[in-house]
Ligand SMILES: Nc1ncnc2c1ncn2[C@@H]1O[C@H](COP(=O)(O)OP(=O)(O)OP(=O)(O)O)[C@@H](O)[C@H]1O
Ligand SMILES: [Mg+2]
């Protein structure tokens with residue numbers, strides 16, 4: 001609605017562009033100034049230094065980028081193909097949707113930092129792990145909106161198809177596919193930078209070539225301009241990928257989807273249904289895990305089966321020690337990730353609300369935030385380590401920033417998404433900004449806020465494990481890195497199981513709060 | 001035996017009834033025969049079950065009791081031949097297709113060859129010339145409804161179901177359509193069912209008017225309209241016309257009164 005309205009006012013559109021350009025310019029100037037002021041402190045490189053380094057090392061950078069982008073593109077294709085396939089299965093056999101959704105969530109919650117080294121030993125040297133991690137990083141954010149989009153059409157459109165005696169095939173071709181297009185592109189747009197992130201995390205965990213490898217080397221060598229140049233280049237590439245897919249989506253489909261990421265479908269609203277479903281997902285996950293290891297005849301030394309992890313955690317003589325180690329690491333990680341997560345949510349929400357009350361500032365800040373939102377923050381983790389040190393502050397800030405951007409953008413979009421007719425109603429009473437905010441915009445924003453809060457759970461876990469692993473030497477991330485380098489595969493697999501199950505549980509818990517709140521404030525969003 | 005696709009369809013309901021799964025009783029047993037080629041108007045208070053009856057006849061909603069036969073076969077047979085069309089209460093145009101695209105979609109769904117000339121004629125008939133390329137979002141509510149009517153008519157159905165087709169159309173256009181549309185379906189002897197809230201429209205368009213009580217719908221009156229055709233707008237001031245309109249209004253009121261005194265029905 002707002003998009004259409006602004007599109008018809010070209011003057012306003014160009015004004016927005018200028019403000020956005022001004023915002024970016026301000027950011028660059030501030031950065032340049034800070035870079036010069038802090039030169040010699042070994043933490044910040046000014047844009048001019050970044051440009052100079054990039055220019056001098058253009059060949060090296062180009063080859064690394066080609067490598068990373070190639071893997072990201074392959075992962076993007078595989079991951080999204082898997083999402084489309086899974087969504088189609090869920091559509092054809094609606095009974096499987098809950099099972100597919102649960103399993104997909106569990107896989108999405110795999111801690112990439114531990115999955116990377118495991119994939120490395122399973123798949124050997126080469127590009128396999130990077131591609132696999134890129135695919136793992138993208139499929140869920142496509143699957144979720146696609147599941148919604150394929151059912152998003154009003155029932156009378158299906159009646160129309162059926163009234164000519166046609167069935168599911170015609171429904172899919174003439175109604176569902178087209179109705180799902182905006183949802184698909186919303187997912188693909190988030191997936192584009194995520195694929196780059198996945199490929200780079202894969203490279204962090206022991207590849208030979210690529211931007212991620214250069215980043216690690218630059219960071220270890222304390223080469224400030226190189227670290228900043230690499231982070232800037234990967235951020236720029238991610239922003240471009242995000243913008244490119246967005247542009248394509250706008251060319252191909254007519255309207256943005258009403259709900260970006262709907263709450264998770266839990267079939268059994270009654271506790272019993274959810275329990276059965278959870279059990280089903282667990283059994284299926286264990287079977288698939290075991291089956292994959294057996295089918296490829298992988299060596300038990302590094303390719304652990306469910307039974308091995310059970311033994312390591314419960315029946316082995318040193319199980320108590322393993323559990324204690326995990327518990328310590330978990331506590332350390334929780335101490336970083338919880339404050340960071342909550343701070344990120346609060347700042348995102350707070351800033352979005354503040355900008356509604358200060359629209360002039362919003363015009364400058366929004367485009368910058370939208371651009372930065374598409375940056376896979378984790379790939380800039382080395383910068384945070386340089387800027388804020390290897391202590392708690394850097395970690396908490398990184399997690400907060402990781403959560404902040406998607407939350408802020410989602411809230412800002414949600415706040416502006418109040419239905420036009422309702423806005424007209426408030427106009428007719430000459431209502432002020434504040435009352436409009438409280439009665440109209442905040443409720444209209446809630447679905448977006450919660451979607452962001454939910455999707456940020458695995459993101460926060462990824463952020464914290466990456467920093468712990470790269471820098472702090474504490475917590476789960478460090479435990480994963482240590483187990484990987486010591487070939488303690490029992491411990492490595494245990495961390496994967498524990499972290500995925502815990503993040504999936506947190507994700508579902510946020511989803512539970514979400515459904516309760518939406519049932520009161522936005523009942524139409526919960527209706528499926 | 002499958003009905004011949006060229007012979008219009010007679011609709012026979014016997015003790016047709018509908019209660020939804022949640023226990024909402026919508027239609028009390030209804031027995032009525034709608035002869036082929038005729039136009040029947042369904043009139044009744046909002047929420048009484050008219051759309052539900054239409055959807056049952058279209059084969060989109062299974063009846064919970066009784067039988068329903070169209071041209072001697074169950075509704076599914078006609079559905080399978082794409083022999084019926086329905087204009088839904090909400091126009092249900094696909095937003096990514098133009099007006100023309102939406103009309104052509106019906107031909108595609110019915111597996112008929114493209115018929116650009118027929119599509120153009122229909123667009124003109126419903127007064128949308130100049131808007132063939134427009135997206136539904138850029139049309140007014142009444143224009144969307146007219147596009148939906150054109151879409152329903154383009155397949156030359158044997159059974160045409162119109163659910164409040166002129167609800168959002170302005171009075172003048174509505175009168176024009178009431179004059180023009182029958183001229184296209186009369187020569188083809190299309191069996192037409194029309195739900196409307198306008199008594200004038202019901203009398204103007206139909207050969208027969210079925211009046212229903214509030215939910216659960218029961219047939220309170222079955223009024224034959226034997227006014228000569230073609231009917232023109234001037235007819236609305238004719239004493240015979242006014243008498244029929246009065247009769248329909250009285251039946252509606254009687255239905256509502258009966259429903260408000262449930263003990264009176266027993
Ligand atoms: N799927 C359903 N399940 C339960 N009840 C339903 C369902 N569909 C419709 N109803 C109920 O059946 C009743 C009749 O609905 P219907 O749409 O047929 O009314 P109508 O006569 O067309 O009303 P209007 O003139 O307002 O369009 C309504 O009370 C409605 O709430
Ligand atoms: Mg109706």
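The values are calculated or read from the model by the stated rules, or taken from the named source; none is laboratory data. Every value quoted in this text rests on a predicted model; they were computed, and no experiment measured them. Heads up, the Cβs are rebuilt from the backbone with ideal geometry, glycines too, and the neighbour counts pull from every protein chain shown.
The figures follow:
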| item | result |
| --- | --- |
| Qualifying positions in the range A:17-35 - within 27 Å of the chain's Cα centre (by Cα) and touching a residue at least 12 places away in the same chain (Cβ under 8 Å) | A:20, A:23, A:24, A:27, A:28, A:31 |
| Flag for residue B:84 being within 13 Å of ligand 1 (Cβ to nearest atom), under 22 Å from residue B:206 (Cα atoms) and within 14 Å of chain A (Cβ to nearest Cβ) | no |
| Filter pass, residue B:53 being under 18 Å from residue A:159 (Cα atoms), in contact (Cβ under 8 Å) with a residue 60 or more places away in the chain and within 16 Å of ligand 1 (Cβ to nearest atom) | yes |
| Subset tally (residues that are more than 16 Å from ligand 2 (Cβ to nearest atom) and surrounded by fewer than 24 Cβ atoms within 10 Å (Cβ to Cβ)) for the range B:193-210 | 4 |
| Candidate set: the range B:89-107, residues that are within 8 Å of chain A (Cβ to nearest Cβ) and modelled with pLDDT of 90 or more; chosen: the one farthest from residue A:182 (Cα to Cα) | B:106 |
| Subset tally (residues that are outside any loop (DSSP other than H, G, I, E, B) and farther than 21 Å from residue B:159 by Cα) for the range B:213-222 | 4 |
| Wholly within the range A:118-207, helices (runs of 4 or more DSSP H) carrying at least 2 residues that are closer than 23 Å to residue A:410 by Cα | A:128-149, A:177-204 |
| Single condition residue A:82 does not satisfy, out of (1) at pLDDT 85 or above; (2) crowded, with 22+ Cβ neighbours inside 10 Å; (3) farther than 16 Å from residue A:494 by Cβ | (2) |
| Residue within the range A:144-154 that is out of contact with any helix residue (DSSP H, G or I) (no Cβ under 7 Å at 6 or more places or on another chain), within 14 Å of another protein chain (Cβ to nearest Cβ) and buried (at least 21 other Cβ atoms within 10 Å of the Cβ) present | no |
| Number of positions in the range B:169-212 that are more than 13 Å from ligand 1 (Cβ to nearest atom), over 12 Å from the mean Cα position of the chain (by Cα) and in a loop (DSSP other than H, G, I, E, B) | 7 |
| Residue in the range A:163-183 that is away from chain B (no Cβ under 13 Å), touching a helix residue (DSSP H, G or I) at 6+ places or on another chain (Cβ under 9 Å), more than 14 Å from residue A:75 (Cβ to Cβ) and surrounded by 23 or more Cβ atoms within 10 Å (Cβ to Cβ) present | yes |
| Search result, residues across the range B:108-141 that are buried (at least 18 other Cβ atoms within 10 Å of the Cβ), more than 13 Å from chain A (Cβ to nearest Cβ) and assigned to a helix (DSSP H, G or I) | B:119, B:122, B:123, B:125 |
| Only listed residue being surrounded by 19 or more Cβ atoms within 10 Å (Cβ to Cβ) and in the same structural domain as residue A:186 (by TED's automatic domain parsing), chosen from A:60, A:92, A:105 | A:105 |
| Lone unmet requirement of (1) more than 13 Å from ligand 2 (Cβ to nearest atom); (2) in the same structural domain as residue B:197 (by TED's automatic domain parsing) for residue B:45 | (1) |
| Residue within the range B:20-42 that is within 16 Å of ligand 1 (Cβ to nearest atom), within 17 Å of the chain's Cα centre (by Cα) and within 14 Å of chain A (Cβ to nearest Cβ) present | no |
| Selection from the range B:146-161 of residues that are within 16 Å of ligand 1 (Cβ to nearest atom) and touching a helix residue (DSSP H, G or I) at 6+ places or on another chain (Cβ under 7 Å) | B:161 |
| Any chance residue B:49 is closer than 19 Å to residue B:209 by Cα and buried (at least 19 other Cβ atoms within 10 Å of the Cβ) | yes |
| The lone exception for residue B:66 - which of (1) surrounded by fewer than 18 Cβ atoms within 10 Å (Cβ to Cβ); (2) at pLDDT 90 or above; (3) within 16 Å of ligand 2 (Cβ to nearest atom) it fails | (3) |
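A quick yes/no check of all residues on (1) at pLDDT below 80; (2) under 28 Å from residue A:97 (Cβ atoms):
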| site | (1), (2) |
| --- | --- |
| A:239 | no, no |
| A:255 | yes, yes |
| A:258 | yes, yes |
| A:262 | yes, yes |
| A:272 | yes, yes |
| A:283 | no, yes |
| A:287 | no, yes |
| A:296 | yes, no |
